[in-house]
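Engineer: Please see the structure below; I have some questions.
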Amino acid sequence: MNDSVYDKNRELQRKLDHFIKQARANEKKQELYETFGFEIIGASNPKQLRDLLLSRSVARFQLLDMVLCLVDHQKDADRLFFEHDEEARLGLANKLLILDAIKDVELIQSLTVIPLLGAEALTRYRWMINDLKCRDQVKSAAFFPLLRSNQVIGAMMLLSQDPHRYQKGIGTLFLQKLSAMTAVAIENCLNQQRIKEISYQDVLTQAYNRRYFDLRFKDEIARCVRWDDDLICMFLDVDHFKKVNDNYGHQTGDSVLRHMVNLIKEQVRSCDIVARYGGEEFVVALPSTTLHAAHEIAERLRKAIYSSAIILHDKQLNVSVSIGMASLRDLSISLQHDADFICTALLDRADKALYEAKEGGRNQVAVYTNPIL
């Protein structure tokens, strides 16, 4: 009898020890997820949030990989997350999937509001991992929707090499909390960046303003110097713009500037910087671009502006632009100087090239060349 009671007590003790151990493990797990959740909520910009979700989470939670899928309702998610960081864009292209609200409607409609674990998640959302290099190593997966105001704004897929890690029927409370905090973090971070960008935009043309250009230009110069890339600075000025204002009025002049910015944006990449520098003068920075390629872009742009008429009631108005360009690589003698010095020198050279284009008859492209002493 005593042996029987003793055995029962030992069994109860083992179960109690197991429950205590499991409870402590759950406490640590909860602390891990909550700490990470607070980190992503506190992300100050989309780049920081992107790195937290797609890079640090993999190590933090011992994952094989993670895929984030976002519905791009405002058509700006790719730019906000990557901006001018082409290296990150290439490295994370298969981990951050951005769905167009119209073109990818079928994929968006397939995103369930219910978490899925195990084989069902892998089967139903195989398209989320098809382009990953590690796709053949994935043995189990957890799919969680990202919801805001009862609307699916995306989904996250956690991937593991362990076939038993994510199985149908296991508890998902911690991961559901994490996905909820991820949805809040993404919405808040993108909205904050949108608000910040409004302060960086020229109200009339929606190009960036000079303040933003100066900040970004220095960053791009530092990056191109570090990677031994070229960078082209391009000044554009509307020819005889004062006559446009005098003959047709300032509203027409405003339309000309807006029209020109739209044409510029059509010719350059999303990572290039288009800014209104003052009055009718605009500046474009083309990082990681050769002078030859930039010259082709400038010529296409010049021709597009000259051949594109602005309709004014029953009349057509054609304008032309003069363009001056300078190359960072031609400043190699000065690369020991800081970004501020290089920035000033490059802008000065592009401005001098613009003056040459004006003096040469306007409606042309001029490239700064070192004067022969």
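Engineer: What percentage of the solvent-accessible surface of the chain, computed with a 1.4 Å probe over protein heavy atoms, is contributed by carbon and sulfur atoms?
Structural biologist: Working: 10320 of 20240 Å².
Exposed carbon and sulfur together represent 51 percent of the surface.
Engineer: Of the cross-linked pairs LYS196/LYS303; LYS139/LYS168; LYS242/LYS358; LYS243/LYS315; LYS315/LYS358; LYS196/LYS242, which ones have a Cα-Cα span greater than 22 Å in the structure shown? Could you put the intermediate results ahead of the total?
Structural biologist: On the way: LYS196/LYS303 34 Å; LYS139/LYS168 13 Å; LYS242/LYS358 14 Å; LYS243/LYS315 16 Å; LYS315/LYS358 27 Å; LYS196/LYS242 33 Å.
Pairs exceeding 22 Å: LYS196/LYS303; LYS315/LYS358; LYS196/LYS242.
Engineer: Of the listed peptides 209-218, 109-118, what is their order by residue-averaged count of other C-beta atoms within 10 Å, with the highest listed first? Show your work: numbers first, answer last.
Structural biologist: Details: 209-218: 17.1, 109-118: 15.4.
The densest-packed peptide leads the list: 209-218, 109-118.
Engineer: With springs only between Cα atoms under 10 Å apart, run a GNM on the chain and tell me which of ASN150, ASN318, ASN130 wobbles the most.
Structural biologist: Largest GNM mean-square fluctuation: ASN150.
Engineer: Could you state the angle between the C-alpha long axis of helix 339-359 and the longest principal axis of the C-alpha atoms of the chain, as a value from 0 to 90 degrees rounded to the nearest 10?
Structural biologist: The answer is roughly 40 degrees.
Engineer: OK, next. Across the range 115-155, how large is the tail of the calculated P(r) beyond 16 Å, expressed as a percent of all Cα pairs? Provide the component values of the computation, followed by the final result.
Structural biologist: Numbers: 322 of 820 pairs.
Roughly 39 percent, rounded to a whole number.
Engineer: What's the extension gain from HIS313 to THR252 if we count 0.36 nm per residue and subtract their Cα-Cα distance?
Structural biologist: Gain in length upon complete extension: 20.9 nm.
Engineer: Counting only helical runs of four or more DSSP H residues, what would the 222 nm mean residue ellipticity of the chain come to if each run contributes -39,500 (n - 2.57) and the total is spread over all its residues? Don't jump to the answer; show the numbers that get you there.
Structural biologist: Values: 13 runs with 182 residues, N = 373.
Calculated from helices alone, the mean residue ellipticity at 222 nm is -15500 deg cm²/dmol.
Engineer: Could you work out the local net charge near GLY279, counting Lys and Arg as +1, Asp and Glu as -1, over the other residues with Cβ closer than 15 Å to its Cβ?
Structural biologist: Numbers: positive: ARG210, LYS242, LYS243, ARG258, ARG276, LYS358; negative: ASP202, ASP237, ASP239, ASP246, ASP254, GLU280, GLU281, ASP351.
Combined, the nearby Lys, Arg, Asp and Glu give -2.
Engineer: How tilted is helix 291-307 with respect to the longest principal axis of the chain? Cα atoms for both, answer in degrees (0 to 90, nearest 10).
Structural biologist: The answer is roughly 70 degrees.
Engineer: Quick check of the Kirkwood formula: for the chain, what is the inverse mean of 1/r over all pairs of different Cα atoms, in Å? Intermediate results must be reported in sequence, preceding the final value.
Structural biologist: Values: mean 1/r = 0.0409 Å⁻¹.
Result for the chain stands at 24.4 Å.
Engineer: Would you compute, for the Cα atoms of the range 31-70, the largest minus smallest coordinate along each principal axis and list the three values in descending order, in whole Å?
Structural biologist: So the extents along the principal axes, rounded to whole Å, are 26, 25, 15.
Engineer: Once the other residues with Cβ under 15 Å from the Cβ of ARG329 are scored (Lys, Arg +1; Asp, Glu -1), what is the net sum? Kindly include the intermediate steps, with their values, before the conclusion.
Structural biologist: Details: positive: ARG223, ARG226, ARG349; negative: GLU220, ASP228, ASP229, ASP230, ASP330.
Taking every other residue near ARG329 into account, the sum is -2.
Engineer: Another question, then. Using the heavy atoms of the protein chains and a 1.4 angstrom probe, tell me the accessible area per residue for the chain in square angstrom.
Structural biologist: Values: 20240 Å² over 373 residues.
Heavy-atom accessible area per residue stands at 54 Å².
Engineer: Moving on. I'd like the antiparallel share, as a percent to the nearest 5, of DSSP beta bridges with both residues in the range 48-158.
Structural biologist: Working: 14 of 19 bridges.
That works out to approximately 75 percent antiparallel.
Engineer: Where is the GNM fluctuation largest for the chain (alpha-carbon springs, 10 angstrom cutoff): ALA183, ALA275, ALA309?
Structural biologist: Of ALA183, ALA275, ALA309, the Gaussian network model singles out ALA309 as fluctuating most.
Engineer: Additional query: Can you put HIS295, HIS313 in order of accessible area, largest first, using a 1.4 Å probe? The partial results should precede the final answer.
Structural biologist: Details: HIS295 65, HIS313 185 Å².
The ranking, largest first, comes out as HIS313, HIS295.
Engineer: Within the set of other residues whose C-beta is less than 12 Å from the C-beta of ASP229, count the net charge using Lys and Arg as +1 and Asp and Glu as -1. Mind dumping the intermediate values first?
Structural biologist: Working: positive: ARG223, ARG226, ARG329; negative: GLU86, GLU87, GLU220, ASP228, ASP230.
The answer is -2.
Engineer: Could I have the simple spin-label model distance between ILE41 and ASN130, label points 7 Å from Cα toward Cβ, reported in nm to one decimal?
Structural biologist: Here the modelled spin labels are 3.7 nm apart.
Engineer: Distance from the Cα centre of the range 252-288 to that of the range 188-226, in angstrom?
Structural biologist: Using only Cα atoms, the two centres lie 13 Å from each other.
Engineer: Dipole of the range 74-211, Cα-centred, from +1 at each Lys and Arg C-beta and -1 at each Asp and Glu C-beta, to the nearest 20 debye? Intermediate values should be presented prior to the final figure.
Structural biologist: On the way: 18 positive and 16 negative charges, 68 e Å.
Roughly 320 debye, rounded to the nearest 20.
Engineer: Here's another thing I want to ask about it. Taking the chain as the reference, fit the longest principal axis to its C-alpha atoms, fit the long axis of helix 2-41 to the helix C-alpha atoms, and give the angle between the two in degrees, 0 to 90, nearest 10.
Structural biologist: Around 10 degrees separate the two axes.
Engineer: Please find, in a Gaussian network model of the chain (springs between Cα atoms separated by less than 10 Å), the residue of ILE297, ILE129, ILE273 whose mean-square fluctuation is greatest.
Structural biologist: In the Gaussian network model the winner is ILE297.
Engineer: Only Cα pairs under 8 Å and at least 6 apart count here; give the relative contact order of the range 31-123 as a rounded whole percent.
Structural biologist: Working: 60 pairs, mean separation 22.9, N = 93.
Value for the range 31-123: 25 percent.
Engineer: Between the range 119-145 and the range 44-104, what's the alpha-carbon centroid distance in Å?
Structural biologist: 17 Å
Engineer: Moving on to the next point. To the nearest 20 debye, what charge dipole does the range 116-168 have about its Cα centre, counting +1 at the Cβ of each Lys and Arg and -1 at the Cβ of each Asp and Glu? Don't jump to the answer; show the numbers that get you there.
Structural biologist: Values: 8 positive and 4 negative charges, 9 e Å.
With Lys and Arg at +1 and Asp and Glu at -1, about 40 debye.
The values are calculated or read from the model by the stated rules, or taken from the named source; none is laboratory data. Since the structure is predicted, the reported quantities are computational estimates derived from the model, not experimental observations. Every residue, glycine among them, receives a Cβ derived from its backbone with ideal geometry; neighbour counts consider all protein chains shown. These accessible areas exclude ligands, DNA and RNA; they are computed on the full protein's heavy atoms, side chains included. Shrake-Rupley method; radii C 1.70, N 1.55, O 1.52, S 1.80 Å.
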